[in-house]
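The values are calculated or read from the model by the stated rules, or taken from the named source; none is laboratory data. Please read all numbers here as calculations on a predicted model, not as lab measurements. Here the Cβ is made from the backbone with ideal geometry for all residues, glycine too, and neighbour counts use every protein chain on show. Heavy atoms of the whole protein, side chains included, go into the accessibility calculation; ligands, DNA and RNA do not. Shrake-Rupley method; radii C 1.70, N 1.55, O 1.52, S 1.80 Å.
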Amino acid sequence: MLTLFSSVKGDPPVALVTGGSRGIGAGIACGFASAGARVAVNFTQPSEGLRETMRRIRESGAEAMEAQADVADSAQVNAMVEGVIRGFGRIDTVVLNAGICPFMDFLEMPEDLWDRVMDVNLKGSFLVGQAVARHMVQRGGGGRVVAVGSISSLVGGTKQAHYCSSKAGQNLLIKSMALSLAPYGITCNSVLPGTVETDINREALKDETLRARLVAGTPVGRLGCPQDIVGAVLYLASEEAAWTTGSLVVVDGGATSTLQ
């Protein structure tokens, strides 16, 4: 059984999950709670998804707190991180999960949409990762940084030029953070999911032709669900992953194994 990393031995670990109110983020937040962590759930605006995620965490017996912030806004990020530290005393693991992907054909993509996707997916990972890493270095005792990327960082997409580019940048951000933070005992890794059905793509997946093509290209024979990603994230946030850093862990049902 995995032991989640805690900078204070014998004390429940603290995890901050960005974009934790729905989809993969909600699954990860609930996974940390089930593993005994205290969980700060980041969100941009209150929603039914947030209420449901908080309910699930608390019903598991874990402590939870809301952490509102637009991850692309440095002032909001700094206030959020300070609030979590006040509430829980520290942050042991941060999961950089917040991301958006408004599907748009390359030739029709406006500049402001490109900028917003880059701001949330890449700049947001930088801002939150940097703010939490500064705290981890200051308090000592190491830490865990886990990004939720995408196999779209490895291949292109006809309606995902902004998203693919942002996630490719996130990969190298994580590798650069791993080099910078290793001397402080802070590991930095990324999980790259394949097609996981969530709110971000549910409308697109109503296209039965697209769904069938994606399933056919996944050797295990189905699309992913948020729970499929949780185990990899918890491993990277564990004591057992102390010698794993700068890694990109693909969790995609074998999809990228079929690409030539």
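Any chance you could count how many residues in segment 240-260 are assigned to a helix (DSSP H, G or I), under 19 Å from the mean Cα position of the chain (by Cα) and more than 23 Å from residue 172 (Cα to Cα)?
Filtering segment 240-260 for residues assigned to a helix (DSSP H, G or I) gives 240-241, 255-258.
Now narrow it down to the ones that are under 19 Å from the mean Cα position of the chain (by Cα): 241.
Next cut, more than 23 Å from residue 172 (Cα to Cα) only: none.
Going through segment 240-260 one residue at a time, the tally reaches 0.
Among all residue pairs at least 6 apart or on different chains, which show Cβ distances below 7 Å where the first residue, located in segment 125-151, is assigned to a helix (DSSP H, G or I) and the second is surrounded by fewer than 24 Cβ atoms within 10 Å (Cβ to Cβ) and polar (S, T, N, Q)?
The qualifying pairs are 127/74; 131/78; 139/7; 151/256.
Working only within segment 13-36, note down all residues that are open to solvent by less than 60 Å² (accessible area, probe 1.4 Å) and in contact with an Asp or Glu (Cβ under 8 Å, 6 or more places away or on another chain). Don't jump to the end; show me each part of the working.
Taking segment 13-36 as the starting set, the residues that turn out to be open to solvent by less than 60 Å² (accessible area, probe 1.4 Å) are 13-21, 23-33, 35-36.
Hits for segment 13-36 are 13, 14, 15, 23, 26.
Would you mind finding the one in 177, 136 that is open to solvent by less than 60 Å² (accessible area, probe 1.4 Å) and within 21 Å of residue 37 (Cβ to Cβ)? I'd like the intermediate steps shown before the answer.
Details: 177 fails: within 21 Å of residue 37 (Cβ to Cβ).
Testing whether each residue is open to solvent by less than 60 Å² (accessible area, probe 1.4 Å) and within 21 Å of residue 37 (Cβ to Cβ) leaves just 136.
Against the conditions (1) small (Gly, Ala, Ser); (2) open to solvent by less than 40 Å² (accessible area, probe 1.4 Å); (3) closer than 23 Å to residue 224 by Cβ, where does residue 131 fall short? Just the number, please.
Going through (1) small (Gly, Ala, Ser); (2) open to solvent by less than 40 Å² (accessible area, probe 1.4 Å); (3) closer than 23 Å to residue 224 by Cβ one by one, residue 131 breaks only (3).
Within segment 219-239, can you find the residues that are part of a loop (DSSP other than H, G, I, E, B) and more than 22 Å from residue 25 (Cβ to Cβ)? Steps first, answer last, please.
Our first condition is that a residue be part of a loop (DSSP other than H, G, I, E, B); within segment 219-239, this holds for 219-223, 225-226, 237.
Once the filter is applied, which keeps residues that are part of a loop (DSSP other than H, G, I, E, B) and more than 22 Å from residue 25 (Cβ to Cβ), segment 219-239 yields 219, 220, 221.
Would you confirm whether any residue within segment 163-184 is part of a loop (DSSP other than H, G, I, E, B), more than 22 Å from residue 74 (Cα to Cα) and either aliphatic (A, V, I, L, M) or over 18 Å from the mean Cα position of the chain (by Cα) (or both)?
First pass over segment 163-184, keeping only residues part of a loop (DSSP other than H, G, I, E, B): none.
Within segment 163-184 (the criterion being part of a loop (DSSP other than H, G, I, E, B), more than 22 Å from residue 74 (Cα to Cα) and either aliphatic (A, V, I, L, M) or over 18 Å from the mean Cα position of the chain (by Cα) (or both)), the answer is no, since none of the residues qualifies.
For segment 69-85, check the following and say yes or no: at least one residue is over 16 Å from the mean Cα position of the chain (by Cα), aliphatic (A, V, I, L, M) and surrounded by fewer than 17 Cβ atoms within 10 Å (Cβ to Cβ).
Scanning segment 69-85 turns up at least one residue that is over 16 Å from the mean Cα position of the chain (by Cα), aliphatic (A, V, I, L, M) and surrounded by fewer than 17 Cβ atoms within 10 Å (Cβ to Cβ).
Is it the case, given these coordinates, that residue 62 is over 17 Å from the mean Cα position of the chain (by Cα) and surrounded by 15 or more Cβ atoms within 10 Å (Cβ to Cβ)?
Details: over 17 Å from the mean Cα position of the chain (by Cα): yes; surrounded by 15 or more Cβ atoms within 10 Å (Cβ to Cβ): yes.
Yes.
So that you can scan it fast, the table gives a plain yes or no per residue for (1) farther than 26 Å from residue 186 by Cβ; (2) among the acidic types (Asp, Glu):
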{"site": "26", "(1), (2)": "no, no"}
{"site": "41", "(1), (2)": "no, no"}
{"site": "46", "(1), (2)": "yes, no"}
{"site": "64", "(1), (2)": "no, no"}
{"site": "73", "(1), (2)": "no, yes"}
{"site": "85", "(1), (2)": "no, no"}
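Could you tell me how many of the residues in segment 181-235 are within 22 Å of residue 163 (Cβ to Cβ) and among the aromatic types (Phe, Trp, Tyr)?
Adding up the residues that qualify gives 0.
Give the residues of segment 120-148 that are within 15 Å of the chain's Cα centre (by Cα) and more than 14 Å from residue 174 (Cα to Cα), sorted by residue number.
Answer for segment 120-148, where residues must be within 15 Å of the chain's Cα centre (by Cα) and more than 14 Å from residue 174 (Cα to Cα): just 120.
If I filter segment 155-174 down to residues being surrounded by 22 or more Cβ atoms within 10 Å (Cβ to Cβ) and of a type in the set (Ser, Thr, Tyr), which single residue comes out as nearest to residue 104 (Cα to Cα)?
This residue is 163.
Quick one: which residue in 209, 245 is open to solvent by 30 Å² or more (accessible area, probe 1.4 Å), out of contact with any Pro (no Cβ under 6 Å at 6 or more places or on another chain), at pLDDT below 90 and not aromatic (Phe, Trp, Tyr)? Give the derivation first.
Numbers: 245 fails: at pLDDT below 90.
Criteria check complete, one pass: 209.
Please go through segment 87-124 and give me each residue that is open to solvent by 30 Å² or more (accessible area, probe 1.4 Å), of a type in the set (A, V, I, L, M), assigned to a loop (DSSP other than H, G, I, E, B) and under 24 Å from residue 191 (Cα atoms), ordered by number.
100
Among the residues of segment 45-52, is there at least one that is open to solvent by less than 10 Å² (accessible area, probe 1.4 Å) and assigned to a helix (DSSP H, G or I)?
Kept after step one, since they are open to solvent by less than 10 Å² (accessible area, probe 1.4 Å), are these residues of segment 45-52: 50.
Add one more test, that the residue is assigned to a helix (DSSP H, G or I), and what stays is 50.
Checked segment 45-52: at least one residue is open to solvent by less than 10 Å² (accessible area, probe 1.4 Å) and assigned to a helix (DSSP H, G or I).
Quick check on my filter: what residues within segment 152-162 are of a type in the set (A, V, I, L, M) and either under 22 Å from residue 27 (Cβ atoms) or part of a loop (DSSP other than H, G, I, E, B) (or both)?
So the first thing to find is which residues in segment 152-162 are of a type in the set (A, V, I, L, M), and the list is 154-155, 161.
154, 155, listed by residue number.
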